[in-house]
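The values are calculated or read from the model by the stated rules, or taken from the named source; none is laboratory data. Since we're looking at a predicted model, the values are computed, not measured. Every residue, glycine as well, gets a Cβ built from its backbone with ideal geometry; the counts of neighbours run over all protein chains shown.
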């Protein structure tokens with residue numbers, strides 16, 4: 001995958017996106033199926049490097065919104081994607097020139113591929129976070145003053161909503177309620193911006209990085225090397241813990257998949273216990289009662305053998321996993337970034353733990 | 001008030017509208033204040049008889065949505081009205097030619113006066129129900145296949161939502177959630193329709209009837225006659241009960257003002273008890289345990305001396321009231337009408353009680 005996304009790229013892309021998704025962003029299997037159908041039907045997607053975006057490009061981000069626990073049962077339809085884009089471009093009275101990715105994740109990095117294929121538009125090689133976060137105001141463009149709205153929401157029944165909110169927190173609140181009503185899983189189009197705004201605020205190269213991460217793990221498996229090690233090295237991160245899932249407490253409330261997982265140490269971690277707390281994404285990791293990893297840095301749970309990312313809704317008793325920590329985009333560690341997506345925003349009274357700094 | 005609404009007409013209009021509001025539709029004092037400010041600022045409003053509407057008129061209905069208990073504390077701003085109309089006409093890409101009233105009520109018959117004054121448009125002398133109902137699909141146009149959406153919602157903070165729902169029940173559901181988020185009281189524009197559709201489906205003459213009812217009660221007071229009797233006679237109804245409010249149980253849930261009131265009989269009703277059940281509007285009246293009045297017919301609670309309507313949120317211990325029953329538009333007694341707004345829709349397992357039939 002260099003300048004074009006074909007069906008041959010989708011396995012790696014989805015697998016790598018799920019790593020950056022830090023437990024959220026949707027199931028990579030679903031993302032791959034949706035993108036594959038769209039690319040087969042409409043042809044390959046042109047990938048536009050972020051730095052090549054013209055100043056006056058009209059960029060629109062597309063994503064799924066809702067609880068990943070619901071997305072795996074109520075599969076999205078491909079028509080929802082174009083419905084959302086058309087509802088918003090109609091309201092804006094503007095032709096869209098480029099599709100962009102709001103967050104990295106097994107579904108949310110692939111939905112933009114679906115939209116770009118359906119609409120015949122180039123896809124920007126970037127994303128709004130460099131990872132996944134549960135709420136829609138949690139993108140770097142918010143730090144640059146970009147507005148999430150006007151945004152559109154479409155469900156599989158045909159209901160459409162256009163929001164024009166006074167700020168991005170209100171956009172999240174109104175969109176979340178609509179999404180809960182619509183069955184906890186919707187397709188959204190948002191953060192309409194110019195090419196100049198996108199170049200300034202997005203994380204460059206995210207889709208390429210996803211494909212690279214997926215390929216690294218795949219090659220390590222083929223060479224009987226350690227795929228977890230390959231992924232961790234590429235992210236500049238470190239392995240925090242290896243162990244077996246002993247308990248998952250999960251509830252789908254206020255439109256999110258929330259919960260706590262407990263893991264008993266194996267290998268060098270025998271006798272230790274890791275607790276993971278999540279809201280769609282893994283937010284906090286506590287090793288023997290001590291906070292060792294927090295948002296905004298990445299907490300990724302990977303299958304210990306295959307290196308495949310395990311999303312929070314797929315976490316099950318008995319899985320043997322490695323939990324790795326990796327640094328996020330440094331802009332998230334600014335005071336404004338931490339106010340938007342640091343541990344205290346999510347209700348954890350702890351300082352953010354930096355990784356690799 | 002014949003073909004023009006001036007400030008001199010607003011007292012009677014609001015007072016009469018509150019009678020048809022059957023406890024809901026908002027506080028007439030607030031409606032009068034809002035309309036008075038708009039008419040003073042922008043001039044009188046032209047009233048267009050329903051039968052004179054041209055076939056190709058572009059008619060839009062405006063109203064407040066939410067819990068009347070909240071409306072009396074969080075007063076609407078006049079700007080919200082034009083915000084809602086502009087958001088919707090922008091989405092529709094259509095110029096509005098006439099404003100119409102969705103429901104009769106102390107606020108909801110006056111908000112269209114505000115919109116018509118602000119926008120310099122004629123106001124149709126009609127409404128969508130001939131009374132007030134708590135949910136937005138409950139208008140006669142729904143029986144004729146008219147769509148509530150595209151509709152817009154505006155709050156006092158500046159948030160705007162445009163909904164495009166698959167049916168009018170979905171419109172209600174999505175609009176109610178947005179309204180709850182926005183603080184339980186919003187301004188909405190909806191049921192965009194042609195003049196031909198409006199002529200077929202609206203109740204003609206509602207605003208004139210409101211003004212007439214208000215004037216009848218006022219004149220009866222001036223002449224030391226019985227205003228309750230004057231209003232009841234004009235509506236072709238009958239007095240069910242006269243008594244004192246002994247208990248009001250009230251809760252604001254899921255965006256509605258719900259509750260039960262108990263009244264102890266006076267005058268000829270001494271020794272009897274009336275129970276009123278409400279959801280914004282008075283829905284069921286039980287006299288000594290027997291259901292004697294139900295939606296869709298009108299259950300109006302009037303001050304025993306002045307004949308002024310008492311809305312459900314204004315009902316208080318000790319008030320001396322007369323409860324009257326009056327017939328609704330006969331279309332509400334069709335099978336489709338009862339399915340939409342009969343007692344069973346609201347969860348009361350009783351047959352509708354007809355009045356004056």
Notebook entry, point to check: Assuming residue B:163 fulfils every condition listed in (1) within 13 Å of another protein chain (Cβ to nearest Cβ); (2) in contact with a helix residue (DSSP H, G or I) (Cβ under 8 Å, 6 or more places away or on another chain); (3) part of a loop (DSSP other than H, G, I, E, B); (4) free of Cβ contacts under 8 Å to residues at least 60 places away in the same chain apart from one, which condition is it?
Noted result: (3)
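For region B:101-109, check the following and say yes or no: at least one residue is out of contact with any helix residue (DSSP H, G or I) (no Cβ under 6 Å at 6 or more places or on another chain) and free of Cβ contacts under 8 Å to residues at least 40 places away in the same chain.
Within region B:101-109, the subset out of contact with any helix residue (DSSP H, G or I) (no Cβ under 6 Å at 6 or more places or on another chain) is B:102-103, B:108.
Narrowing further to those that are free of Cβ contacts under 8 Å to residues at least 40 places away in the same chain: none.
For region B:101-109, residues out of contact with any helix residue (DSSP H, G or I) (no Cβ under 6 Å at 6 or more places or on another chain) and free of Cβ contacts under 8 Å to residues at least 40 places away in the same chain: absent.
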Check: Take the residues of region B:144-160 that are touching a residue at least 40 places away in the same chain (Cβ under 8 Å) and more than 20 Å from residue A:166 (Cβ to Cβ): which is farthest from the other protein chains (Cβ to nearest Cβ)?
Finding: B:144
Next item on the list: Mind listing whichever residues of region A:52-90 are more than 22 Å from residue A:36 (Cβ to Cβ), within 14 Å of chain B (Cβ to nearest Cβ) and surrounded by fewer than 22 Cβ atoms within 10 Å (Cβ to Cβ)?
Entry: A:86, A:89, A:90
Margin query: With the structure loaded, tell me whether residue A:118 is within 14 Å of chain B (Cβ to nearest Cβ) and closer than 25 Å to residue A:44 by Cα or whether it fails that test.
Written below: no
Notebook entry, point to check: Looking at (1) within 14 Å of chain A (Cβ to nearest Cβ); (2) in contact (Cβ under 8 Å) with a residue 60 or more places away in the chain; (3) touching a helix residue (DSSP H, G or I) at 6+ places or on another chain (Cβ under 6 Å), which is the one condition that is false for residue B:141?
Noted result: (1)
Notebook entry, point to check: Only one of (1) buried (at least 24 other Cβ atoms within 10 Å of the Cβ); (2) within 19 Å of the chain's Cα centre (by Cα) fails for residue B:163. Which number is that?
Noted result: (2)
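Sort through A:320, A:272, A:304, A:316 and tell me the only one that's crowded, with 17+ Cβ neighbours inside 10 Å, in contact with a strand residue (DSSP E or B) (Cβ under 7 Å, 6 or more places away or on another chain) and outside the structural domain of residue A:69 (by TED's automatic domain parsing).
On the way: A:320 fails: crowded, with 17+ Cβ neighbours inside 10 Å; A:272 fails: crowded, with 17+ Cβ neighbours inside 10 Å; A:316 fails: crowded, with 17+ Cβ neighbours inside 10 Å.
Checking each option against the conditions leaves just A:304.
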Check: Conditions: (1) surrounded by 23 or more Cβ atoms within 10 Å (Cβ to Cβ); (2) assigned by TED's automatic domain parsing to the domain that holds residue A:124. Residue A:211 meets all but one. Number of the miss?
Finding: (2)
Checklist line | Enumeration of residues in region B:136-157 that are crowded, with 24+ Cβ neighbours inside 10 Å and assigned to a loop (DSSP other than H, G, I, E, B) | finding: B:136, B:138, B:139, B:148, B:149, B:155
Check: Are any residues in region A:168-194 more than 9 Å from chain B (Cβ to nearest Cβ) and outside any helix (DSSP H, G or I), and if so, which ones?
Finding: A:183, A:184, A:185, A:186, A:187, A:188, A:189, A:190, A:191, A:192, A:193, A:194
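Among the strands (runs of 3 or more DSSP E) lying completely within region B:257-344, list those that include at least 3 residues that are touching a helix residue (DSSP H, G or I) at 6+ places or on another chain (Cβ under 6 Å). Break it down stepwise before answering.
Values: elements: B:273-279, B:281-287, B:290-294, B:298-303, B:320-326.
So the answer is B:320-326.
Select, from B:143, B:240, the only residue that is modelled with pLDDT of 95 or more and touching a strand residue (DSSP E or B) at 6+ places or on another chain (Cβ under 8 Å). Steps first, please.
Working: B:143 fails: touching a strand residue (DSSP E or B) at 6+ places or on another chain (Cβ under 8 Å).
Exactly one of B:143, B:240 is modelled with pLDDT of 95 or more and touching a strand residue (DSSP E or B) at 6+ places or on another chain (Cβ under 8 Å), namely B:240.
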Notebook entry, point to check: When residue B:242 is evaluated against the numbered criteria (1) touching a helix residue (DSSP H, G or I) at 6+ places or on another chain (Cβ under 6 Å); (2) buried (at least 23 other Cβ atoms within 10 Å of the Cβ); (3) more than 30 Å from residue B:79 (Cβ to Cβ), which criterion, by number, is the only one it fails?
Noted result: (2)
Notebook entry, point to check: Can you find even one residue in region B:218-234 that is within 18 Å of the chain's Cα centre (by Cα), surrounded by fewer than 24 Cβ atoms within 10 Å (Cβ to Cβ) and modelled with pLDDT under 95?
Noted result: no
